[in-house]
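> Please see the structure below; I have some questions.
The values are calculated or read from the model by the stated rules, or taken from the named source; none is laboratory data. Just so we're clear, the structure is a prediction, and the values are computed from it rather than from any experiment. Cβ placement follows ideal geometry from the backbone for every residue including glycine, while neighbour counts extend to all protein chains displayed.
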Amino acid sequence: MADERGRIERIPYELCVLVALRKAIRRREIWVEGGKIWRNPEADLPADFDDNRDVHYEALKKPRDPAAFIADLQRRHTAALDRLDKAMRKGTTGGVKITRKKGEPWISVPPLGKQEEPTGLKALKTEISRRWGVIDLLDVLKDVAHVTDYTSAFASVVSRTVIDEAVLQRRLLLCLYGLGRTSGSSEWPTAWPRPRCRPGSATMRRRCDEPAGCSSTGTTCARRSASSSTPP
């Protein structure tokens, strides 16, 4: 690929190489020396794999013959497609249908509906709220950061940063709080109220600037310690 002056553009080639490298690593064709997830796939095998192949293949319930393995996989795949074809004609697929995507046949699966909350989880939330009251998510994030300094573990993708460490910590706390609000994690027990201020507002910034221990978490933890000393 060249620009208007006929010079080779390196960035597209570098991106193509990175994409190909990513695919090869995910296929385990290339591994990372010293890595854990993407290490040499031979290291995932038991130490006596070569000497006791029959035992390990039997434990995995897989044939040693690759042709037999592929034939069984094709048979199960064909049987599954046959069941889908019969269900399509009977209208019992639960919303699964054959459509087209970019001109090619495509199996469309409807999204799953919201599942009912388990009874045990409801009871757990109610008991936590009864014992220890309300702990706001922002207070939890702030106090844990004060104790463990976990925000220092976030690394930047650039070689240098000019943002003050305290300012960066406040921004990280607000980002984490926003992610928790989006996923619903700020309301673990159903009885816990939703905070009445949005991330990034003046109230939220002021709460991030409060020293740990002055927040509601300190009072709640003190009440929790007192209540935990007595049997339920």
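> Of a type outside the set (Val, Ile, Thr) and farther than 29 Å from Gly95 by Cβ - does that describe any residue in region 112-120?
Step one: list which residues in region 112-120 are of a type outside the set (Val, Ile, Thr), which gives 112-118, 120.
Restricting the remaining residues to those that are farther than 29 Å from Gly95 by Cβ gives 120.
Yes, because at least one residue in region 112-120 is of a type outside the set (Val, Ile, Thr) and farther than 29 Å from Gly95 by Cβ.
> While we're here: When you go through (1) loosely packed, with under 12 Cβ neighbours inside 10 Å; (2) modelled with pLDDT of 90 or more; (3) within 24 Å of the chain's Cα centre (by Cα) one by one for Lys114, which number turns out not to apply?
The single condition Lys114 does not satisfy is (2).
> Something else: Going through region 43-66 one residue at a time, which ones are over 25 Å from Ile30 (Cα atoms), of a type in the set (A, V, I, L, M) and either over 33 Å from the mean Cα position of the chain (by Cα) or exposed (fewer than 10 other Cβ atoms within 10 Å of the Cβ) (or both)?
The answer is Val55, and nothing else.
> Further question on the same structure: State yes or no: is Phe49 farther than 30 Å from Leu112 by Cα, touching a His at 6+ places or on another chain (Cβ under 7 Å) and either aromatic (Phe, Trp, Tyr) or assigned to a loop (DSSP other than H, G, I, E, B) (or both)? Walk me through how you get there before you give the answer.
Details: farther than 30 Å from Leu112 by Cα: yes; touching a His at 6+ places or on another chain (Cβ under 7 Å): yes; either aromatic (Phe, Trp, Tyr) or assigned to a loop (DSSP other than H, G, I, E, B) (or both): yes.
So Phe49 fits the description; yes.
> Follow-up question, since we're still on this one. Consider Arg198 against the criteria (1) part of a loop (DSSP other than H, G, I, E, B); (2) at pLDDT 80 or above: it satisfies all of them except one. Which criterion is unmet?
Unmet for Arg198, out of (1) part of a loop (DSSP other than H, G, I, E, B); (2) at pLDDT 80 or above: (2).
> Now for a different question. If a residue has to be in contact with a strand residue (DSSP E or B) (Cβ under 7 Å, 6 or more places away or on another chain) and among the hydrophobic types (A, V, I, L, M, F, W, C) to count, how many in region 8-48 make the cut?
Result for region 8-48: 1.
> A further question on this structure: Taking the stated definitions as given, is Lys101 exposed (fewer than 10 other Cβ atoms within 10 Å of the Cβ), farther than 30 Å from Cys175 by Cβ and among the charged types (D, E, K, R)? Can you show your working first?
Details: exposed (fewer than 10 other Cβ atoms within 10 Å of the Cβ): yes; farther than 30 Å from Cys175 by Cβ: yes; among the charged types (D, E, K, R): yes.
The answer is yes for Lys101.
> Ok, one more. Among the residues of region 117-154, count how many are assigned to a helix (DSSP H, G or I) and loosely packed, with under 11 Cβ neighbours inside 10 Å.
Counting residues in region 117-154 that are assigned to a helix (DSSP H, G or I) and loosely packed, with under 11 Cβ neighbours inside 10 Å gives 6.
> Determine if region 121-129 includes at least one residue that is of a type in the set (Val, Ile, Thr) and modelled with pLDDT under 85.
yes
> Identify the residue in region 76-92 that is among the small types (Gly, Ala, Ser) and exposed (fewer than 11 other Cβ atoms within 10 Å of the Cβ) and, among all such residues, is nearest to Pro105 (Cα to Cα).
Here the residue is Ala80.
> If only one of Asp164, Asp143 is touching a helix residue (DSSP H, G or I) at 6+ places or on another chain (Cβ under 8 Å) and farther than 30 Å from Gly95 by Cα, which one is it?
The unique qualifying residue is Asp143.
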